[in-house]
Amino acid sequence: MASLQSIFKEACELSNVLISSLYQNLIARDDKANIPMAPRSDVNVECMLIFIWAVCIVVFMGFSRRYMWEPLGGVFLGTKSVADKRRFADSFTELVFYSLFTWMGLNIYLTHDWVWPSNKWWDGPYTDEMIMRNDLRALYLFDTSRYMACLVSVLFMEHKRKDFAEMTIHHCATILVTVVAYFTDHSRIGSMVKVTMDPADVPLHLAKAFNYGATHRKSKVMHFLADRLFEVFAVVFFFTRLGIFGYIMYSSTFEGRIKCSFTPIQNLGLSMLYIIYALQIYWMGLIVNMAMKMARGDKLKDSRSDSEDSEDEADDKKKIARKKKKSQ
């Protein structure tokens, strides 16, 4: 068995190859035919690579949240409140990552000829699934690392919100689905799951940013933008998370079983899809409830933030108290 050091070295070498393929596609805009295709690497090497990338993402999230987005929040909101700057920074961090992965997903996942019709999602194990374009493999593993980093962020870095349990379950279920799909040679269905998860969150977190700004600066323009972006979010959420993801559920339940004999581990992955879909229905209910409040003239509010308010406000009070003591 290879030593940990050699596995780490191979993972770093694989990282260089895969990042180069992302550059070819997304920056250099090379013809897709020129991007190399290769079989999967050793499972230990790929698991090590996922871990390395997850650690890098966690470090970047923590650094950017504290030293980039919190100061930006203070300027954008016009406030010195620790609570408000943290809330803005949490939302802006998610905006950055969801925007990045939406852009990459549309440019990589959806450029393959197996995207439609859906029965092609299940051709993999018996044809060329083990051979993947390097940019697809890079994004798939990078996306998996991102979800692991987001799980760490929810558990240890962000202030606890009302839907802490739901977010934790969602991230765990998504990680299980994507890992099971990849290592059982069904990365096509895993890719389709991934590409539906990110787009709705872009207008959501933009709406939050403008809503925070409208609250602090009493800006009608920001309030208008927040409301319109929330409406866009609701439509995109319904279309992607309930509509397209619902079809993915259908394909996994029926088309997948026609072409493949599911193993117990694959049935576990399928059950995680049902859990994810149940959470989407729950969140859609919250969105409808919020939309009804907006229709009655109520202001847009992040209902998940209520549980963190008292803790953040306590931080602000402590900070003010320390300043008073120093001035005395």
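The values are calculated or read from the model by the stated rules, or taken from the named source; none is laboratory data. Bear in mind that the values here come from a model prediction, so they are computed numbers and not experimental data. Methodologically, a virtual Cβ is constructed for each residue, glycine included, from the backbone with ideal geometry; neighbour enumeration extends over all protein chains shown.
From the list Leu204, Leu229, Leu225, pick out the single residue that is surrounded by fewer than 19 Cβ atoms within 10 Å (Cβ to Cβ) and more than 28 Å from Arg40 (Cα to Cα).
Values: Leu204 fails: surrounded by fewer than 19 Cβ atoms within 10 Å (Cβ to Cβ); Leu229 fails: surrounded by fewer than 19 Cβ atoms within 10 Å (Cβ to Cβ).
The conditions single out Leu225.
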- Message: Only one of Ser118, Ser153, Ser145 is touching a residue at least 24 places away in the same chain (Cβ under 8 Å), surrounded by fewer than 20 Cβ atoms within 10 Å (Cβ to Cβ) and more than 17 Å from Ile276 (Cβ to Cβ). Can you tell me which?
- Response: Ser118
- Message: Tally up the residues in segment 188-221 that are of a type in the set (Ser, Thr, Tyr) and within 16 Å of the chain's Cα centre (by Cα), please.
- Response: 2
- Message: Please pick out the residue among Val17, Val58, Val45, Val75 that is within 21 Å of Asp201 (Cβ to Cβ) and at pLDDT 90 or above.
- Response: Val58
- Task: Restrict the check to segment 159-172 and report whether at least one residue is under 18 Å from Ile244 (Cβ atoms) and at pLDDT 90 or above.
- Result: yes
- Those helices (runs of 4 or more DSSP H) lying entirely in segment 159-241 with at least 1 residues more than 26 Å from Trp103 (Cβ to Cβ) and either without any contact (Cβ under 8 Å) to a residue 24 or more places away in the chain or not charged (D, E, K, R) (or both): 164-183, 201-217, 220-237
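So for segment 95-102 (the condition being closer than 25 Å to Val152 by Cα, in contact with a Lys or Arg (Cβ under 7 Å, 6 or more places away or on another chain), surrounded by 16 or more Cβ atoms within 10 Å (Cβ to Cβ) and among the polar types (S, T, N, Q)), does at least one residue qualify? Spell out how you get there, then give the answer.
Applying the first criterion (closer than 25 Å to Val152 by Cα) to segment 95-102 yields 95-102.
Narrowing further to those that are in contact with a Lys or Arg (Cβ under 7 Å, 6 or more places away or on another chain): 97, 101.
Applying the additional criterion that residues be surrounded by 16 or more Cβ atoms within 10 Å (Cβ to Cβ) yields 97, 101.
Okay, now just the ones that are also among the polar types (S, T, N, Q), so none.
Checked against the condition, which is being closer than 25 Å to Val152 by Cα, in contact with a Lys or Arg (Cβ under 7 Å, 6 or more places away or on another chain), surrounded by 16 or more Cβ atoms within 10 Å (Cβ to Cβ) and among the polar types (S, T, N, Q), segment 95-102 yields no hits at all.
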- Could you name every one of the helices (runs of 4 or more DSSP H) located completely within segment 1-105 that has at least 2 residues being out of contact with any strand residue (DSSP E or B) (no Cβ under 8 Å at 6 or more places or on another chain) and farther than 30 Å from Arg161 by Cβ? 4-22, 43-64
